[in-house]
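Undergrad: Take a look at the following structure, please.
Please treat every number below as a calculation from the coordinates, not as lab data. Being a predicted model, the structure only gives us computed values, none of them experimental. In this analysis, Cβ positions are derived from the backbone assuming ideal geometry, glycine residues included, and neighbour counts consider all displayed protein chains.
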Amino acid sequence: MKHFLTLLDLKPYELAHILNRAFELKVMQKAGKTHHTLAGKTLGMIFDKASTRTRVSFEVGMYQMGGHALFLHSGTTQLGRGEPVEDSARVLSRMVDAVIIRTFDHAMVERFARYASIPVINALTDLTHPCQILADIMTYMQHRDEIRGRTVAWVGDGNNMAHSWINGAVAFGYHLNLACPKAYAPDESLLNKARSLGAQIELTHDIRAAVSGVDLVTTDVWASMGQEKEKIEREKAFSGFMVDSCVMAYAKPSALFMHCLPAHRGEEVSANVIDGPQSIVWDEAENRLHAQKSLLEFLLQQ
């Protein structure tokens with residue numbers, strides 16, 4: 001049995017298998033072909049944070065594969081009344097076949113997985129968002145083939161998405177440039193671990209240097225969930241870190257643009273970039289469905 005709490009929980013060849021299968025499942029779904037590979041399986045979905053793409057993609061994915069998904073908000077379950085995480089993990093392990101958790105504290109997901117006897121998937125924590133990166137890599141492959149050896153520029157906060165791109169540099173072998181304000185750099189220990197595992201990562205505070213000559217530019221909102229009170233302070237700190245047409249001009253002419261969404265046009269990205277010809281954000285969003293279906297199939301058929 002395997003969990004998926006970060007990209008590094010799976011081997012590169014396992015991730016490659018998941019992505020290849022995701023393309024197969026996407027073709028089958030588009031053709032209207034039945035693929036009930038998870039018939040009779042049930043997924044528990046624990047949510048502390050708001051969600052659109054994560055909830056819909058997992059719930060629809062289970063339905064399309066013949067299974068069933070249960071939405072469990074922490075505020076309406078015993079978790080919200082103080083039941084120990086360890087006890088919830090033991091109980092749900094006897095009732096469902098897998099669990100996804102979308103919450104704040106990454107340590108909570110690690111504790112849950114430690115006491116669960118079923119696969120546990122990190123559907124987003126404040127530390128990492130590995131499911132999003134699966135979809136992102138799939139989307140790059142859809143448009144440009146393999147990402148190994150390419151160069152990716154991350155622009156903005158050193159947040160959970162930045163951390164996931166850092167882990168992805170280990171798992172998928174791309175070079176990563178990170179452009180972050182000085183006070184908003186990614187977690188140093190996570191960055192150092194990735195470098196120790198062979199990842200080629202450059203950290204800078206110069207957006208132009210980070211984006212120059214790259215194959216892919218990606219970003220995220222300046223204030224993530226739980227940081228709303230910091231919005232004004234962050235807007236000042238991130239001034240000059242908007243991905244606009246001038247920034248994209250420093251990348252390769254063939255460069256693509258990604259955003260995990262939701263996006264704030266006029267803040268981290270200009271409208272003419274996210275809605276422009278280099279943007280592949282809508283394919284990126286759709287591919288959450290196909291990549292996660294493949295991930296569920298992989299974990300539940302071990």
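Undergrad: State the answer as a single residue: which of 116, 56, 92 lies farthest towards the positive end of the charge dipole of region 1-130, with beta carbon charges of +1 for Lys and Arg and -1 for Asp and Glu, about the Cα centre.
TA: 56
Undergrad: Sort all Cα-Cα distances of region 1-153 into consecutive 10 angstrom bins from zero, then give the percent of pairs in each bin up to the one containing the longest distance.
TA: 10, 38, 36, 14, 2
Undergrad: Using amide H atoms built in the peptide plane, which far-off residues or other-chain residues are under 5 Å from residue 69 H to H?
TA: Excluding prolines and chain starts, which carry no amide H, the hits are 43.
Undergrad: Round to the nearest 10 and give me the degree value, 0 to 90, for the angle of helix 130-144's Cα axis relative to the longest principal axis of the chain.
TA: 60
Undergrad: Something else about it: Rounded to the nearest 20 debye, what is the charge dipole size of region 132-281 about its Cα centre when +1 sits on each Lys and Arg Cβ and -1 on each Asp and Glu Cβ?
TA: It works out to roughly 240 debye.
Undergrad: Follow-up. Report, ordered by chain and residue number, the lysines lying within cross-link reach of residue 193, taken as a straight Cα distance under 21 Å and ignoring same-chain residues fewer than 8 apart.
TA: Straight-line reach from residue 193, under 21 Å: 11, 182.
Undergrad: Where does the charge balance sit around residue 300 when Lys and Arg score +1, Asp and Glu -1, over other residues with C-beta under 9 Å from its C-beta?
TA: Combined, the nearby Lys, Arg, Asp and Glu give -1.
Undergrad: Another question, if that's okay. I'd like the distance separating the alpha-carbon centroids of region 166-206 and region 229-250, in whole Å.
TA: Here the two parts' Cα centres lie 19 Å apart.
Undergrad: Which cross-chain or sequence-distant (5 or more) residues have an amide H under 5 Å from the amide H of residue 243, H modelled 1.01 Å from N in plane?
TA: HN-HN under 5 Å from residue 243: 269, 270.
Undergrad: Provide the gained length on full extension for the span residue 76 to residue 24, in nm with one decimal, where the gain is 0.36 nm per separating residue minus the Cα-Cα distance.
TA: Extra length available between residue 76 and residue 24 comes to 15.0 nm.
Undergrad: Distance between the C-alpha centers of region 254-282 and region 28-107? Whole Å please.
TA: Going from one Cα centre to the other spans 29 Å.
Undergrad: Continuing with this model, one more query. Counting Lys +1, Arg +1, Asp -1, Glu -1, what net charge surrounds residue 130 among other residues with beta carbon under 11 Å of its beta carbon?
TA: Here the count lands on -2.
Undergrad: For every other residue with a beta carbon closer than 11 angstrom to the beta carbon of residue 268, add +1 if it is Lys or Arg and -1 if Asp or Glu, then tell me the sum.
TA: Result for the local shell: -3.
Undergrad: Lys/Arg Cβ at +1, Asp/Glu Cβ at -1, dipole of the chain taken about the Cα centre: which of 269, 294, 282 is farthest positive-ward?
TA: Selected residue: 294.
Undergrad: Still on this model: How long, wide and thick is region 132-281, going by the Cα atoms along their three principal axes, in whole angstroms, largest first?
TA: Its Cα atoms span 38, 37, 26 Å along the three principal axes.
Undergrad: Between residue 230 and residue 13, what length in nm is gained on full extension when 0.36 nm per residue of separation is reduced by their alpha carbon distance?
TA: Separation in residues times 0.36 nm, less the Cα-Cα distance, equals 74.1 nm.
Undergrad: Then there is this: Per-residue ellipticity at 222 nm for the chain, helices alone: DSSP H runs ≥ 4 residues times -39500 (n - 2.57), over residue total, nearest 500 deg cm²/dmol?
TA: That comes out to -12500 deg cm²/dmol.
Undergrad: While we're here: Mind checking the dipole of the chain: about its Cα centre, +1 per Lys or Arg Cβ, -1 per Asp or Glu Cβ, Debye to the nearest 20?
TA: Magnitude of the dipole: close to 620 debye.
Undergrad: Name the long-range amide H neighbours of residue 279: under 5 Å, sequence gap of 5 or more, or other chain; modelled H, no Pro or chain starts.
TA: Under 5 Å from the amide H of residue 279 lie the amide H atoms of 257, each far enough along the sequence or on another chain.
Undergrad: Could I ask something else about it? Taking only C-alpha pairs under 8 Å that are 6+ residues apart, what is the relative contact order of region 132-281 in percent?
TA: 23
Undergrad: Compute the acute angle (0 to 90°) between the alpha-carbon long axis of helix 281-300 and the principal axis of greatest extent of the alpha-carbon atoms of the chain; round to the nearest 10°.
TA: It is inclined by approximately 40 degrees.
Undergrad: Before anything else, pin down the relative contact order of the chain: Cα pairs under 8 Å, at least 6 apart, normalised by residue count, whole percent.
TA: 20 percent.
Undergrad: Taking the Cα centre as origin and putting +1 on Lys and Arg beta-carbons and -1 on Asp and Glu beta-carbons, what dipole magnitude results for region 243-302, to the nearest 20 debye?
TA: Result for region 243-302 is approximately 120 debye, rounded to the nearest 20.
Undergrad: Next question, about the same structure. If I take R0 = 41 Å and measure r between the Cβ atoms of residue 117 and residue 204 in this structure, what FRET efficiency does the formula 1/(1 + (r/R0)^6) give, to the nearest 0.05?
TA: For residue 117 and residue 204, the calculated efficiency is 0.40.
Undergrad: If you line up the long axis of helix 12-30 against the longest principal axis of the chain, both from Cα atoms, how many degrees apart are they, to the nearest 10?
TA: 80
Undergrad: For region 108-183, just say rounded, prolate or oblate: build the C-alpha gyration tensor, square-root its eigenvalues into a ≥ b ≥ c, call rounded for a/c under 1.5, and beyond that prolate if a/b exceeds b/c, oblate if not.
TA: Because a/c hits 1.5 or more and a/b fails to exceed b/c, region 108-183 counts as oblate.
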